[in-house]
Amino acid sequence: MKISPLFLALRCCILLWVVCLTACQSSQNTDQQTSQESVAMAAIDTTKSDSMSVYLLDIKAKLTNLETIVVNDDPVFHAKKTYRAVPFQAVMDQFLAAYKNLDLAQTQIVFECEDGYNPSMSLAKVLDKKSYLALSDVDAPTGQEWINPTKEGREMKIAPFYVVYTDVPASDVSFKWPYNLVKISLASASEELAVLFPKEDDTVVKGFELFKTNCLTCHALNKVGGKMGPELNYPKSVTEYWKSTDDIKAFVKAPSSYRHDCKMPAVTHLNDKELDEILRYLTYMSQHKPQKS
């Protein structure tokens, strides 16, 4: 039987079409598999990130076994207070269990508040004390979870959460009592130090320590720290646009005497020598800024 050239050409075209279609489907399957793998990797990364932080409003309904605790000298209310609270250790165990795999001495717990207050502390230090996450104020009127105190004529919002201690005196400023709290995260202490530590001048280390304890909770330095107050070094240092260090010290001691309706509280627990150490550190850091992004 003789096969015509037209039939052979048509057959070749059909075979070529089948081969191309198969290759295309294989490519699509490979792309789809790659896409699925990328999504899976992204999910893994997100899960890892979430294991190091928690939004407290998301877990409020799961905070059970509340205790009634008494704080004899509350530094926010300046009075004896009673709260309904859950032990901070229990919160960590249930919602941030990843901390058990970390070096607690090298881990910072970062408290993020609605108003921009962003203090951090050694996680080991927090867990070493009788620390609690307070959900409500027992002294509040019926139907109300919190009493909002007034400071220098300004109402302070305590809700939704407040970290308190039953064995830490109000006078110990190394402990943070963050209220208006919405999120807690874990971070490496070394990462923070890498940005802020004075590597080239050990004479300003004391100023760094004082700044970290007393100022970093409200003010950022080189984009690290709190957001309640202004950034103090980037892009321009406070020591560059406030030429008089005496004015800076006077402002820190009595902010409202310089600015009307100023949110910054008067700093009365630091003496002149300590303020000078902080200013020396800030002057040093004015020459050590991050690159502009």
Residues of the stretch 57-104 classified as assigned to a strand (DSSP E or B) and within 19 Å of the chain's Cα centre (by Cα), total: 0
In the stretch 259-293, residue nearest to Thr217 (Cα to Cα) [restricted to those that are part of a loop (DSSP other than H, G, I, E, B) and hydrophobic (A, V, I, L, M, F, W, C)]: Met264
Matching entry among Tyr83, Tyr117 (being at pLDDT 95 or above and over 19 Å from Asp58 (Cα atoms)): Tyr83
Within the stretch 137-170, considering residues that are among the small types (Gly, Ala, Ser), free of Cβ contacts under 8 Å to residues at least 40 places away in the same chain and out of contact with any Phe, Trp or Tyr (no Cβ under 7 Å at 6 or more places or on another chain), the one farthest from Tyr83 (Cα to Cα): Gly153
Answer residue from the stretch 243-258, given it is assigned to a loop (DSSP other than H, G, I, E, B) and within 27 Å of Lys151 (Cα to Cα) and is nearest to the chain's Cα centre (by Cα) among those: Ala254
Any hit, the stretch 83-100, residues being under 13 Å from Ala187 (Cα atoms), of a type in the set (A, V, I, L, M, F, W, C) and surrounded by 14 or more Cβ atoms within 10 Å (Cβ to Cβ): yes
Val238 vs. criteria in contact (Cβ under 8 Å) with a residue 60 or more places away in the chain and either in contact with a helix residue (DSSP H, G or I) (Cβ under 9 Å, 6 or more places away or on another chain) or under 26 Å from Tyr83 (Cα atoms) (or both): no
Any hit, the stretch 254-277, residues being of a type in the set (Phe, Trp, Tyr) and either touching a strand residue (DSSP E or B) at 6+ places or on another chain (Cβ under 7 Å) or farther than 21 Å from Ser120 by Cα (or both): yes
Residue check for Val126: assigned to a loop (DSSP other than H, G, I, E, B), in contact (Cβ under 8 Å) with a residue 24 or more places away in the chain and over 20 Å from Lys60 (Cα atoms): no
Residue check for Tyr234: within 26 Å of the chain's Cα centre (by Cα) and aromatic (Phe, Trp, Tyr): yes
Subset of the stretch 130-144 (residues that are in a loop (DSSP other than H, G, I, E, B) and surrounded by 13 or more Cβ atoms within 10 Å (Cβ to Cβ)): Lys130, Val138, Asp139, Ala140
Filter result (in contact with a strand residue (DSSP E or B) (Cβ under 6 Å, 6 or more places away or on another chain) and modelled with pLDDT under 95) within the stretch 149-177: Ala170, Lys176
Yes/no for Ser237 being of a type outside the set (Val, Ile, Thr), more than 16 Å from Lys176 (Cβ to Cβ) and surrounded by 14 or more Cβ atoms within 10 Å (Cβ to Cβ): yes
Check on Lys289, surrounded by 15 or more Cβ atoms within 10 Å (Cβ to Cβ), over 25 Å from the mean Cα position of the chain (by Cα) and basic (Lys, Arg): no
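The values are calculated or read from the model by the stated rules, or taken from the named source; none is laboratory data. Just so it is clear, the structure is predicted and the values come from calculations on it, not from any experiment. Here the Cβ is made from the backbone with ideal geometry for all residues, glycine too, and neighbour counts use every protein chain on show.
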